[in-house]
1. At least 2 residues that are modelled with pLDDT of 90 or more and buried (at least 18 other Cβ atoms within 10 Å of the Cβ) in each: list the helices (runs of 4 or more DSSP H) lying fully within the stretch 130-245 that qualify.
2. If you go through the stretch 445-460, how many residues are surrounded by fewer than 16 Cβ atoms within 10 Å (Cβ to Cβ) and either among the basic types (Lys, Arg) or touching a strand residue (DSSP E or B) at 6+ places or on another chain (Cβ under 7 Å) (or both)?
3. Based on what the data block shows, is Ile406 within 16 Å of the ligand (Cβ to nearest atom), open to solvent by less than 30 Å² (accessible area, probe 1.4 Å), aliphatic (A, V, I, L, M) and touching a residue at least 40 places away in the same chain (Cβ under 8 Å)?
4. For the stretch 411-458, give me each residue that is aliphatic (A, V, I, L, M) and in a helix (DSSP H, G or I).
5. Looking at (1) closer than 22 Å to Phe280 by Cβ; (2) open to solvent by 40 Å² or more (accessible area, probe 1.4 Å); (3) over 28 Å from the mean Cα position of the chain (by Cα), which is the only condition Glu463 fails?
6. The conditions are (1) open to solvent by 70 Å² or more (accessible area, probe 1.4 Å); (2) of a type outside the set (D, E, K, R); (3) at pLDDT 95 or above, and Tyr419 fails exactly one of them. Which is it?
7. So, in the stretch 345-379, exactly how many residues are surrounded by fewer than 22 Cβ atoms within 10 Å (Cβ to Cβ), within 16 Å of the ligand (Cβ to nearest atom) and not polar (S, T, N, Q)?
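The values are calculated or read from the model by the stated rules, or taken from the named source; none is laboratory data. Since we're looking at a predicted model, the values are computed, not measured. No Cβ is skipped: glycine too gets one built from the backbone with ideal geometry, and neighbour counts run over all protein chains shown. All accessible areas refer to the heavy atoms of the entire protein, side chains included, with ligands and DNA or RNA removed. Shrake-Rupley method; radii C 1.70, N 1.55, O 1.52, S 1.80 Å.
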Amino acid sequence: MTNEPPKAPPLYPKSHLLAASGIAALLSLALLVFPSSEVEAKKTTLNLELESPADQLKQEPDAPLTQTADASSDSPFAQIDNSSAPTEETAKVEPVPAPAATPAKDPSHREVTVSRGDTLSTLFAKVGLPAAAVHEVLASNKQAKQFSQLKSGQVLQIELDKDGQLASLHSKVSDLETIRLTKSANGYAFNREISKPVVRSAYAHGVIKSSLSASGQRAGLPHSLTMDLARIFGYDIDFAQDIRHGDEFDVIYEQKVMDGKVVGNGNIISARFTNRGKTFSAIRYTNKQGNTNYYTADGNSMRKAFIRTPVDFARISSRFSAGRKHPILNKIRAHKGVDYAAPRGTPIKAAGDGKVLLAGRRGGYGNTVIIQHGNRYQTLYGHMQGFAKGVKTGSSVKQGQVIGYIGTTGLSTGPHLHYEFQVNGVHVDPLGQKLPMADPIAKAERQRFLQQSQPLVARMNQEKATLLASNKR
Ligand SMILES: [Zn+2]
């Protein structure tokens, strides 16, 4: 059976149209940069959905025949009610159309919104500037050509001198960037103004109903931060099999704001995740040497020597076992690893820092990577479609680094990762291992750490209480 990649979920582009109209009426604002109407970059919907297409729920030919009785209740799909997955239509559209050309009250100011098919010539014509002015502008300066690459919806601001001639023009090319051309005695001077956004902290709270991605979206948490959240707790929570309906999270994260509008996001500052009744906390901390890591609220490192699952959001299709019938060889054979089924091309990550002993073909394993971690541990990754750039025999890899992609090379019946874990040369069940931890906060920095972490924990408690109270009303 081939394992079709899940169908791409629908996109919910968030149109964010801001009106530039009306503002022009304010003389004092005429020289300021106006927010241009533009469509925010489409948010790609997360592909972390635990809901899986029906065909993924069928048993893999690769699955062990000696399945344990509780295996199905262990499945992340089994206990999550995805029959009524909510539609995530959170996109807010504020369609306030900007007029094509706004007659400004300041007689020297002109403002024109770029429409499809407009050129600098047509825009100049709309405000009564001669065609010769276009040539003059474009020929004045190499960078001035950027004014001939305006996008539909962008607003061009023009200042005229007392003779009605072009004095300057400027336009916002993004929330943070404005280009400007100003006439002087010796031609035009080009300027690019980059504004620095204000960074503030924001709070989000989510409850898992169908999947982490859907609840992140509902909570208003940007996609990339939902991914970060999964990464931060990836050492303690197995997002492939542990997530349950009713799990919840709190996040305080950096939000970049410009003129009252969110223009981007930074890091997760602190987070908490309650998984099956057990709560994990994460505090971002930069030590005096400048190294940043996430720690538990009491100062232990979140980072383990090994990642539990080398493929994000995959499904375990076969567990470690002493004996099972091999789907191709049709003989009873031990399964010395864990199989993770995921669509072809899904990235596979190094479970820990280490040295690549092999990146090449190895018999029934197909394309295989073997990594040596310190002198006690080895991990093996089989059936790969291909290797990531720079991953070759003898190279070093970092924990979490992508080493290759899910495939079905070698003796394999469908796209999956065969993952083995060895301690002192003996195969062990990677899911049964208690993973070694990285270093906690140094004693000398403990006080400094607590000074930062305690207010964050207090704020998460308070924000959550406020939110729950307002929901009850
Ligand atoms: Zn396997």
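1. Working: elements: 131-140, 212-218, 223-232.
Here the list reads 212-218, 223-232.
2. 3
3. On the way: within 16 Å of the ligand (Cβ to nearest atom): yes; open to solvent by less than 30 Å² (accessible area, probe 1.4 Å): yes; aliphatic (A, V, I, L, M): yes; touching a residue at least 40 places away in the same chain (Cβ under 8 Å): yes.
Considered against the rule, which asks whether it is within 16 Å of the ligand (Cβ to nearest atom), open to solvent by less than 30 Å² (accessible area, probe 1.4 Å), aliphatic (A, V, I, L, M) and touching a residue at least 40 places away in the same chain (Cβ under 8 Å), Ile406 comes out as yes.
4. Initial filter on the stretch 411-458 (aliphatic (A, V, I, L, M)): 411, 417, 423, 426, 428, 431, 435, 437-438, 441-442, 444, 450, 456-458.
Leu431, Ala444, Leu450, Leu456, Val457, Ala458, listed by residue number.
5. (3)
6. Looking at each condition in turn, Tyr419 falls short on (1).
7. The number of residues fulfilling the criteria is 5.
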